[in-house]
Every structure is written in C-alpha cells, then in structure tokens.
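Asker: A single structure is presented below for examination.
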Amino acid sequence: MKIANKINYILVILPITFLVLGIFDEKFFFYFLLSLIPLGIFQVGVAIAYSSKFVDNLHYRIYTYGVMLFFSLVFTAQFWWDYLEPYGGIAYGLPPLLAIYFSIILYNKTKKS
C-alpha cells in the first residue's frame, strides 16, 4: 500500500509540474495531457487490485461510482452531449476530482496501516 501511495505521488506531481511549465512554454500543456493517461490507468488499476481491502469503505464506493459515471459518459457521449454541453465541466472536471479523491483515500489507508 505504501509503494502504491508513493507511485501515486509521483504520478500526481508530474502533471502539475507540466501544467506549471506550460505557462512558460506551450508544448508542456501537451505533456500535461499525456501525463494524465498513466495517472488514470494507475489509479483505476490500484482501485481494482485493492477492491477486496476496500469492500466496506464508503469513500471507495463513491470513487467507484464516480469512475463508472465518467466512463458511462465517455462511452455514451454522442447521445448525452446535447444535454451536457452547457455543463461541460461535468465531463472535464470529473477526472481531476476523482484523482484527488482517490489520492486522499490512498493516503488515509496508508496512514492507518
């Protein structure tokens, strides 16, 4: 669990660093977007791997429902886009919120063990 927490720190700090560097050079915005992919894959993978440890955790359930909501929006975007377009922040704001939320869950679980 502690190793997963440290890897998560690295994968969270990397996009933030690229975002800050993007202020000075625009090419870093592209690297920022690319660095979000391994972060999402890692967090979903860790969530699946540790699902047996998090069974009774309410926060883990909320995270799981958020991930299911995001992927259902992505796969049905063509159908829902007319309804979501005025609220585009839902589709674009959910992944960063889920990443922060899972980081907090992982930190709290690491701190307890």
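Asker: Tell me which DSSP H helices of the chain clear both cut-offs, 15 Å or more of axial length from alpha-carbon atoms and a mean Kyte-Doolittle hydropathy of at least -1.0.
Answerer: Numbers: long enough: 2-21 (29 Å, 1.61); 27-49 (34 Å, 1.86); 58-75 (26 Å, 1.17); 88-112 (37 Å, 0.58).
Counting only whole DSSP H runs, the qualifying helices are 2-21, 27-49, 58-75, 88-112.
Asker: Summarise the accessible area of the chain (1.4 Å probe, protein heavy atoms) by the percent that is carbon and sulfur.
Answerer: On the way: 5910 of 8030 Å².
The C+S portion of the solvent-accessible surface of the chain is 74 percent.
Asker: Could you count how many Lys pairs in the chain have their Cα atoms under 25 Å apart, skipping same-chain pairs fewer than 8 positions apart?
Answerer: 11
Asker: For the chain, report the accessible area per residue in Å² (1.4 Å probe, heavy atoms, rounded to an integer).
Answerer: Working: 8030 Å² over 113 residues.
Here the per-residue accessible area is 71 Å².
Asker: Length gain on complete extension for the stretch LEU58 to LYS2, per 0.36 nm per residue less the alpha carbon to alpha carbon distance? List each step's numbers first, then the result.
Answerer: Values: separation 56, 0.36 × 56 = 20.16 nm, distance 2.09 nm.
Length gained, LEU58 through LYS2: 18.1 nm.
Asker: Reported to two decimal places, what Rg/Rh ratio describes segment 1-48 when computed on Cα atoms with Rh from the Kirkwood expression?
Answerer: On the way: Rg = 11.8 Å, Rh = 11.1 Å.
Using only Cα positions, Rg/Rh for segment 1-48 is 1.07.
Asker: Report, to one decimal in Å, the Kirkwood hydrodynamic radius for the chain based on all distinct Cα pairs.
Answerer: 15.3 Å
The values are calculated or read from the model by the stated rules, or taken from the named source; none is laboratory data. These numbers were taken from a predicted model, which means no experiment stands behind them. SASA here: full protein model, heavy atoms, side chains in, ligands and nucleic acids out. Shrake-Rupley method; radii C 1.70, N 1.55, O 1.52, S 1.80 Å.
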